[in-house]
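The values are calculated or read from the model by the stated rules, or taken from the named source; none is laboratory data. The structure displayed is predicted, hence computed values, not measured ones. For neighbour counting, all protein chains shown are included, and Cβ atoms are generated from backbone atoms with ideal geometry for every residue, glycine included. Just the protein is used for accessible areas: all its heavy atoms, side chains included, with ligands, DNA and RNA removed. Shrake-Rupley method; radii C 1.70, N 1.55, O 1.52, S 1.80 Å.
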Protein chains: 2
Amino acid sequence: VDKEELVRKLDEIVGKENVLSSDVDRESYSRDMGEFEGTPGVVARPGSEQEVERIVALADQHTIPILARGAGSSLTGAAVLKGAIMVDMRRMANVIHVDTINWHVRVQPGIALDDLNIELKKYGFFFPPDPASSYICTVGGAIAEGSGGLRCVKYGTMKDWVLSMRVVLPSGRVTTMGEPLAKNRAGYDLLHLMVGSEGTLGIITEAYLKIIPLPQNPDKRLLATFDSWDAVGNVIFDFKKAGIVPGLFEFIDKDHIRALNEKLGQNLEEAEATLIIDVEEAILTRTTDILRARGSTEVRVAKDQEEADTLYEVRANGLLAVKSLAPASMVEDVSVPLDRLGEFLRKVKLIASGNKLMIPVMGHAGDGNVHPIILYDNSDKDSSAAAAKAFEDVCRAAIELGGSISGEHGIGTQKVGLLREQLRSHDAEESLRLMKEIKRLFDPKGIMNPGKYVEAA
Amino acid sequence: VDKEELVRKLDEIVGKENVLSSDVDRESYSRDMGEFEGTPGVVARPGSEQEVERIVALADQHTIPILARGAGSSLTGAAVLKGAIMVDMRRMANVIHVDTINWHVRVQPGIALDDLNIELKKYGFFFPPDPASSYICTVGGAIAEGSGGLRCVKYGTMKDWVLSMRVVLPSGRVTTMGEPLAKNRAGYDLLHLMVGSEGTLGIITEAYLKIIPLPQNPDKRLLATFDSWDAVGNVIFDFKKAGIVPGLFEFIDKDHIRALNEKLGQNLEEAEATLIIDVEEAILTRTTDILRARGSTEVRVAKDQEEADTLYEVRANGLLAVKSLAPASMVEDVSVPLDRLGEFLRKVKLIASGNKLMIPVMGHAGDGNVHPIILYDNSDKDSSAAAAKAFEDVCRAAIELGGSISGEHGIGTQKVGLLREQLRSHDAEESLRLMKEIKRLFDPKGIMNPGKYVEAA
């Protein structure tokens, strides 16, 4: 089928106004937030499950690569595909039903997580998973990526919040996976196979997500600074031993604070390590006691919501400020056992000095998910090569410590070889073989987001 | 391979003393707790993963049916298999490591859940899922069955507590699935495919399970009685609206109480509906206020642990007492949306009267998981036929209301046809097709717990 014919057929399915085939339009779908590139052949914007079915059936019939996309906020190349039919799901953005008895919401995949939470707030409920891109990232994208976020330390990631979904399979056939029930044991768990499948097994057209009531008393937010990372490790140990589960437990290093002071004119203490922590008011004293006992040089408790927001922005803006220190950056996303976190951070320092690079670190202290930021100069071949090497070294350091090359961003095209390394190293080679066969089972023609992730590993 | 030869080869693998081939020994593995039958050809009791690998490789080589078994406390026929190599996992019962920093335990599959909790208690931790058979049921069995329990209403089921596992696949090859990490996005989620796979995809030889600290203040336990099931429905609504998450939220009907009074000489109020509820002390008053406002005829708060234990036994012994009212019984296990629970219970009453049977009901009110107990006379053909019909009618009523034919007991051989009905009715026929193909992918020779569950549906 030639492109003109394809566009005509898509016009029939979704209407002329919802098919984008100009160079400019296609260009706007050619990048994700990680700057991975691939210009689609044509973009279709379906308004219903039936339209998605027909688009996928068309791709199946003519063996054309196809990929669903929400906001394109993937950081790993999962949401771009050269020459593909790009299915922009954002017209399907309805909240179909908020159920305050069964504590679930039935929702279309194209709504942004923050918009979903605005709707849920009217009912006194919320949906906890909160990737940093929640202002744009869609429900469908977050499920497909198995996304995490800042509140994960308390509430878990997407996999813990999806009850059931409707999926258009690569064959164009549609099916339900899971049930919108608190308990269900009917059949193998295909639902969790879809969560984190990165658009390679099917297109999600609807989901039931668990929701919970908004907490009656908002957590207290505090900032604490330390002279050493060992102290931070000890705080984590003490929290865990005391059974303290923070609502938020972020860490950033001195590079981030310095960048904030220099680039954004802030006046923060340039401590080795800074923690931003949310805890319930009932355990605030116990929490600050631990922080002080472990040698915190400053413990600042936000007096009001405004100050709490300011502290949150230290973490959010820290990343932006750090990135502005170099022409280019790569954001890592590894996960390590909590008792190996200190050791891992020391290894990152060695990797930075060994490769003559600056690698500031930040991340989610409560669940061992670390984001080293590799800064480099992409106009300099040596610097680019050093960054690429450091990127792999950081992942390998995590693998060696029993960690994972991805805590929440996924694999995409970015970490395909490293995925294989991890699974081999952790004696999961047969699992990789099964994953590849599952991909072939779902998608025998190999049309859905091909050449990435498990298939390519 | 003839039986003598098979026994000789198994002797070589696990040692003579761990191969059971006499009629008496095989007979002792021929029933599960649901009275499903099937005498294995031989029983092997491995002591290590390597031995399990070799046993499975032997079964693969000679295409002999094989099945792992823990305590055999399945209620659905999942843990018996005629003529099979039965792999009794209970020699592999070590707690390998309790990690109080990462909050997980590395454990062998053959330990009983209660024994695991006795060990964890020494560290101030516990593992929440608590099937009624927790005094014997093993970690491996509970994972394979995706088991629930009484504390699920607060803590979820097995699927929410498994981090990673070692699995011997039907090919005899061993692999790791998942990672013992709070966050991991490396590859498709095979781990949850194994949870609830009922011994059809592989044999679990080790697992990392999440654990959490024992609560500092035990919940308060109370018993409340009501004149009508509508009142119970309203209590559930009010709890959900108030954001009350009980630690336990059980219901039993008048038949159970009557049986307790008659058979066990108790002196309980014969109310239409009795609830047994655990809540944190901080919300005890809010809870009892709701119960009274919804017309509870009695609200009794346990004064001490002894009384709390007595109230718990009302639920546990109620089932035994009710079963003793008839020569035979079938325990149902369906799950319905919470807002349809009242409607479902009315349907069960109609099914009982329509089939001239007594069907007492009990279950987990907080998550819509109901266990109607179908009482009948297995020496009477008409009564047996009526019970079989009622059994299917109850499941169909659940399916029609958007529920599931199993909340926690699974499918086994008991509900194979009903599984197909549910998936068809809920537009999941393609999912069933994929499940069957996944079974073929894992087990191309069809040797592992064959002829049951997904494969047979």
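Within region A:255-265, how many residues turn out to be open to solvent by 50 Å² or more (accessible area, probe 1.4 Å) and in contact (Cβ under 8 Å) with a residue 40 or more places away in the chain? I'd like the intermediate steps shown before the answer.
Initial filter on region A:255-265 (open to solvent by 50 Å² or more (accessible area, probe 1.4 Å)): A:258, A:262-265.
Next cut, in contact (Cβ under 8 Å) with a residue 40 or more places away in the chain only: A:262-264.
Residues that pass the stated criteria total 3.
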query: Which residue pairs have Cβ atoms under 8 Å apart, sit 6 or more places apart or on different chains, and have a first residue in region A:147-162 that is free of Cβ contacts under 8 Å to residues at least 12 places away in the same chain and a second that is open to solvent by 40 Å² or more (accessible area, probe 1.4 Å) and of a type in the set (Ser, Thr, Tyr)?
result: none
field: Single condition A:Arg292 does not satisfy, out of (1) within 27 Å of A:Phe237 (Cβ to Cβ); (2) open to solvent by 30 Å² or more (accessible area, probe 1.4 Å); (3) in a loop (DSSP other than H, G, I, E, B); (4) not hydrophobic (A, V, I, L, M, F, W, C)
entry: (3)
statement: For region A:57-69, pairs from a residue that is at positive phi to a residue that is surrounded by fewer than 20 Cβ atoms within 10 Å (Cβ to Cβ), with Cβ under 8 Å and 6 or more apart or across chains, are A:Thr63/A:Lys445
- prompt: If you check A:Leu432 against the conditions, is it at the interface with chain B (Cβ under 10 Å from one of its Cβ atoms), within 26 Å of A:Ala328 (Cα to Cα) and not in a loop (DSSP other than H, G, I, E, B)?
  reply: no
task: Count, please, the residues in region B:237-254 that happen to be assigned to a loop (DSSP other than H, G, I, E, B) and surrounded by fewer than 22 Cβ atoms within 10 Å (Cβ to Cβ).
output: 4
message: I'm told B:Glu313 meets every condition in (1) more than 30 Å from B:Glu119 (Cβ to Cβ); (2) open to solvent by 70 Å² or more (accessible area, probe 1.4 Å); (3) without any contact (Cβ under 8 Å) to a residue 12 or more places away in the chain; (4) within 28 Å of the chain's Cα centre (by Cα) except one. Can you identify the failing condition by its number?
response: (1)
Among residues of region B:301-318, those that are in contact with a Ser or Thr (Cβ under 9 Å, 6 or more places away or on another chain) and at pLDDT below 95, counted: 3
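Would you point out which residue out of B:Ala398, B:Ala352 is buried (at least 23 other Cβ atoms within 10 Å of the Cβ) and in contact (Cβ under 8 Å) with a residue 12 or more places away in the chain? Please lay out each step first, then the result.
Numbers: B:Ala352 fails: buried (at least 23 other Cβ atoms within 10 Å of the Cβ).
Among B:Ala398, B:Ala352, only B:Ala398 is buried (at least 23 other Cβ atoms within 10 Å of the Cβ) and in contact (Cβ under 8 Å) with a residue 12 or more places away in the chain.
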message: I want to confirm something. Restricting to region A:355-393 and keeping residues that are surrounded by 15 or more Cβ atoms within 10 Å (Cβ to Cβ) and on the phi > 0 side of the Ramachandran plot, which single residue is nearest to the other protein chains (Cβ to nearest Cβ)?
response: A:Gly368
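Yes or no, residue by residue, for (1) closer than 17 Å to B:Pro450 by Cα; (2) surrounded by fewer than 19 Cβ atoms within 10 Å (Cβ to Cβ):
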{"position": "B:Asp2", "(1), (2)": "no, yes"}
{"position": "B:Asp11", "(1), (2)": "no, yes"}
{"position": "B:Glu27", "(1), (2)": "no, yes"}
{"position": "B:Glu37", "(1), (2)": "yes, yes"}
{"position": "B:Pro40", "(1), (2)": "yes, no"}
{"position": "B:Ala57", "(1), (2)": "yes, yes"}
message: One residue is enough: does region B:148-162 have a residue meeting the conditions closer than 19 Å to A:Leu423 by Cβ, touching an Asp or Glu at 6+ places or on another chain (Cβ under 8 Å) and not polar (S, T, N, Q)?
response: no
- line: For region A:181-205, pairs from a residue that is more than 7 Å from chain B (Cβ to nearest Cβ) and touching a residue at least 40 places away in the same chain (Cβ under 8 Å) to a residue that is open to solvent by less than 10 Å² (accessible area, probe 1.4 Å) and of a type in the set (Asp, Glu), with Cβ under 8 Å and 6 or more apart or across chains, are A:Thr200/A:Asp443; A:Leu201/A:Asp443
Filtered residues of region A:219-236 (kept if buried (at least 18 other Cβ atoms within 10 Å of the Cβ) and either of a type outside the set (A, V, I, L, M) or in a loop (DSSP other than H, G, I, E, B) (or both)): A:Asp219, A:Lys220, A:Arg221, A:Thr225, A:Phe226, A:Trp229, A:Gly233
statement: A:Tyr135: passes all of (1) touching a helix residue (DSSP H, G or I) at 6+ places or on another chain (Cβ under 7 Å); (2) in contact (Cβ under 8 Å) with a residue 24 or more places away in the chain but (2)
- line: Log entry, pairs with first residue in region A:1-27 being among the β-branched types (Val, Ile, Thr), second being part of a helix (DSSP H, G or I) and open to solvent by 90 Å² or more (accessible area, probe 1.4 Å), beta carbons closer than 8 Å, six or more apart or on different chains, reads A:Ile13/A:Arg54
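Scan region B:21-42 and tell me whether some residue there is among the hydrophobic types (A, V, I, L, M, F, W, C) and in contact with an Asp or Glu (Cβ under 8 Å, 6 or more places away or on another chain). Don't jump to the end; show me each part of the working.
Let us first name the residues in region B:21-42 that are among the hydrophobic types (A, V, I, L, M, F, W, C), namely B:24, B:33, B:36, B:42.
Those left that are additionally in contact with an Asp or Glu (Cβ under 8 Å, 6 or more places away or on another chain): none.
No, region B:21-42 contains no residue that is among the hydrophobic types (A, V, I, L, M, F, W, C) and in contact with an Asp or Glu (Cβ under 8 Å, 6 or more places away or on another chain).
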message: Suppose the filter is over 21 Å from the mean Cα position of the chain (by Cα), within 14 Å of chain A (Cβ to nearest Cβ), charged (D, E, K, R) and not in a strand (DSSP E or B); does B:Arg396 pass it?
response: no
query: Can you tell which of B:Leu150, B:Leu113, B:Leu120 is within 16 Å of the chain's Cα centre (by Cα) and within 14 Å of chain A (Cβ to nearest Cβ)?
result: B:Leu150
